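First comes the structure, then the notes that go with it.
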């Protein structure tokens, strides 16, 4: 069964999906003041979820955070005991942000680029790992060639 995606979370859901991360559920948040926080439930590796969590924590702890709400990634299990992750806003940095929908919408828009950035970091780390392994193999081959008798 496919349900409509709330319009204010749609761009973030699309950013996840474009990055190859399957989403399972989402909500843009509701209420005035905001009393039902937005979320996106997604499937990913533990490594990717941890990387996204780190990026969010680094932003929250920075001198000039991009996000005005506290965003977290938490793991859970569905009814078939498969793991999933939930990206959700927990608390605004300032109480007044709960009264301004535009602050939340600004965060949701910024999260699309944050997700993309986290994935870029993952791809760069993977490429660096491949290059390091290739280099190690090359060095090992050169060393074994040096031990072979010359004709």
Looking at the stretch 136-146, can you tell me whether even one residue there is in contact with a strand residue (DSSP E or B) (Cβ under 9 Å, 6 or more places away or on another chain) and either modelled with pLDDT under 75 or surrounded by 18 or more Cβ atoms within 10 Å (Cβ to Cβ) (or both)? no
Selection from the stretch 22-35 of residues that are surrounded by 12 or more Cβ atoms within 10 Å (Cβ to Cβ) and without any contact (Cβ under 8 Å) to a residue 40 or more places away in the chain: 23, 25, 26, 27, 30
Can we say residue 50 is part of a helix (DSSP H, G or I), surrounded by fewer than 18 Cβ atoms within 10 Å (Cβ to Cβ) and without any contact (Cβ under 8 Å) to a residue 40 or more places away in the chain? yes
The residue from 79, 58 that alone is part of a loop (DSSP other than H, G, I, E, B) and surrounded by fewer than 16 Cβ atoms within 10 Å (Cβ to Cβ) is 79
Filter the stretch 61-72 for residues that are over 17 Å from residue 104 (Cα atoms) and either in contact with a helix residue (DSSP H, G or I) (Cβ under 8 Å, 6 or more places away or on another chain) or not in a loop (DSSP other than H, G, I, E, B) (or both) and give the result. 61
Residue 115 modelled with pLDDT under 90 and in contact with a strand residue (DSSP E or B) (Cβ under 9 Å, 6 or more places away or on another chain): yes
Can you tell me which of 38, 65 is touching a residue at least 24 places away in the same chain (Cβ under 8 Å) and surrounded by fewer than 18 Cβ atoms within 10 Å (Cβ to Cβ)? 65
For the stretch 4-19, enumerate the residues that are in contact (Cβ under 8 Å) with a residue 12 or more places away in the chain and part of a loop (DSSP other than H, G, I, E, B). 5, 6, 7, 8, 9, 19
Close pairs (6 angstrom Cβ cut-off, 6 or more residues apart or separate chains): surrounded by 16 or more Cβ atoms within 10 Å (Cβ to Cβ) in the stretch 99-110, in a helix (DSSP H, G or I) anywhere: 103/97; 108/12
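The values are calculated or read from the model by the stated rules, or taken from the named source; none is laboratory data. Because the structure is a prediction, the values reported are computed rather than measured. Using ideal geometry, Cβ is built from the backbone for each residue, glycine included, and neighbour counts are taken over all protein chains shown.
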